Amino acid sequence: MTLALYVPRASPVHRTPAGWKLLALAGLSALVFTAPTLPVVCGALVAVVALGLVVARLPVAVLGRETRAVLWWLGALFALHLLVTDVLTGTLTVLRLLTLVLAAAVVTATTRVTAMVAVIERVCRPLEWVGVRPARIGLVIAMALRFIPLISERAGRIRQAQAARGGSVRGLRGLSTTLVPLLVQVLQLAHTVSEALDARGADDVPLRRGGPRAA
Amino acid sequence: MRFRRETAAPVADPARGIELRGVGHVYGDRMVLADVDLHLTERRIGVVGANGSGKSTFARLLNGLVMPTTGAVLVDGLDTRNAVREVRRRVGFVFQDPDAQIVHPTVAEDAAYGLENQGVPAAERAERVAEVLDRYGLAGHADHPAHLLSGGQKQLLAIAGVLVMRPVRIVFDEPTTLLDLVNTRRVAQVIEELEQRAVVVTHDLDLLEGFDRVLVIDGGRVVEDGPPDSSIAAYRSLMVHR
């Protein structure tokens, strides 16, 4: 499993501040839901694809991967609409969701995690009034992105180890024989990670990144 | 009238080195370290011992990740119990498993993490990260996902993430255990070239070549302390007769 989201390029889309990109994404969502006509939705889809492939110069594979990931869901949704509404509504619904999925993919592929996290920290800043440290929220999000592939890789290794010893890796039994050792490994990992955070000055984390150091 | 009580910032004196005074450590009811009295001033110090001998706890005492149950650990004159933040800034720590140490999704972001915590301005952060990644051959991977690096590259990133914070001393806890021969040599070379003073806990006796001093820990006690040749000979003898 990979979470290789950011694709480094020197494009205007990459240079646009993360906050503006997220705002544009929100605006696009509002547009395709408040003006659900075929020209608007098709125009938005073409614009998003052009922005991603031509302006941001992202590989076709990036958008292709996102499309494949939701293809079955979109197909099922379209089939459901054929049964309960009509072809036009089904087409609009599918194109609308595809547009938003691809737009989100363009934003994530052109924005570094730190920039995205910085926006989230800014949005969370009012929570300082109730004692929440926005930098900690940002760190949690960054760590989730970092550790999801690692834990997935470790689960894969455990399954391979079970299979090598003739164990079942499928079904309920396979799930339980994978989950227990995985949980143990994750807890051990969490302990070492907490030590590593301490060793790298997590206690010194400022209220705002780049701002004055917390007392 | 109320006066705010000012706490004087502790002043470090690098000439004092690391002092362990009557240090003991107990986990639950198990004694892990006992009666450790040491003064560590050498440039390269190795620590060897069997699994479960107390080496890792010893290493963690040196930068305040573990506090002594008895006695005191003083780093450059700073007591880890009441100046732990300053001690951790002075003593970097490299873990055995780099996957546990890398906390950000991409290489450059992870290298910058410690500097963010120190409140280093963004421009200086970028400059220092670029410099350290270049030094360890990771510049071309700056924007790559950290989990896609090889084991050796991950360990180099873990070391880079510590060095970029410019600590005075570095503690390595079995830095080559998970590496192949090529990467073990690379990490050994990195340790050799460090400007900082280093304490290296290891099972790899070749890594200790050229070190100034080697401690042998067994059953939670320092049973040998001297130059590498005599300490390693004593360690081998200890393991053979077990």
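Points worth noting:
- FRET efficiency, 1/(1 + (r/R0)^6) with R0 41 Å, evaluated for A:Ala76 and A:Ala144 via beta carbons: 0.90
- Chain B, relative contact order [Cα under 8 Å, separation at least 6], %: 25 percent
- Counting only other chain Cβ atoms within 10 Å of each residue's Cβ, the peptide A:184-195 averages 3.
- Rg and Dmax [Cα atoms of segment B:164-223; Å; Rg one decimal, Dmax integer]: 12.3, 35
- Distance (nanometres) between label positions extended 7 Å along Cα→Cβ at A:Thr16 and B:Val182: 4.2 nm
- Antiparallel content of DSSP bridges confined to the protein assembly as shown, in %, to 5: 55 percent
- Tensor-based shape of chain B (alpha-carbon gyration tensor, a/c under 1.5 rounded, otherwise prolate or oblate): oblate
- The average projected area of the protein assembly as shown, computed from the convex hull of its Cα atoms over all directions, is 29.8 nm².
- Ascending count of other beta-carbon atoms within 10 Å, so fewest first, for B:His203, B:His147: B:His203, B:His147
- A:Cys124/A:Leu83 FRET efficiency (R0 60 Å; Cβ-Cβ; nearest 0.05): 0.90
- Span from the segment B:15-48 Cα centroid across to the segment A:85-139 one, whole angstrom: 49 Å
- Fraction of antiparallel bridges per DSSP, segment B:85-238 only, in percent to nearest 5: 40 percent
- Taking the inverse of the mean reciprocal distance over all distinct Cα pairs, the Kirkwood hydrodynamic radius of segment A:1-159 comes to 17.6 Å.
- Choice from A:Leu28, A:Leu172, A:Leu58 showing the highest fluctuation, given a GNM over chain A with Cα pairs closer than 10 Å: A:Leu172
- Candidates B:Gly161, B:Gly219, B:Gly92, ranked by Gaussian network fluctuation over chain B, Cα under 10 Å, top entry: B:Gly219
- Arranged from fewest to most other beta-carbon atoms within 10 Å of their beta carbon, A:Ile151, B:Ile191 become A:Ile151, B:Ile191.
- For segment A:135-178, the normalised intensity computed at q = 0.13, 0.23, 0.26 Å⁻¹ comes to -0.41, -0.72, -0.82 (log10 of I(q)/I(0), Debye sum over alpha carbons, equal scatterers, no solvent).
- In angstrom, the C-alpha Rg and Dmax of segment B:66-206 are 15.2, 47.
- Computed [θ] at 222 nm, deg cm²/dmol, chain B (DSSP H ≥ 4; -39,500 (n - 2.57); rounded to nearest 500): -10000 deg cm²/dmol
- For segment A:133-204, the relative contact order is 22 percent, taking Cα pairs closer than 8 Å that sit 6 or more residues apart in sequence and dividing their mean separation by the residue count.
- Dimensions (Å) - segment B:21-86, Cα atoms, principal axes, largest first: 29, 27, 19
- Cα centroid of segment A:4-65 to Cα centroid of segment B:114-182, whole Å: 33 Å
- When each of B:Leu38, A:Leu95 is scored by the number of other beta-carbon atoms lying within 10 Å, the sequence from fewest to most is B:Leu38, A:Leu95.
- Peptide-level mean, for B:104-112, of C-beta atoms on other protein chains within 10 Å: 6
None of the figures in this text is laboratory data; all of them are computed from the coordinates on show. Quantities reported herein were computed from a predicted structural model and do not represent experimental measurements. Glycine gets a Cβ as well: all are built from the backbone with ideal geometry, and neighbour counts include every protein chain shown.
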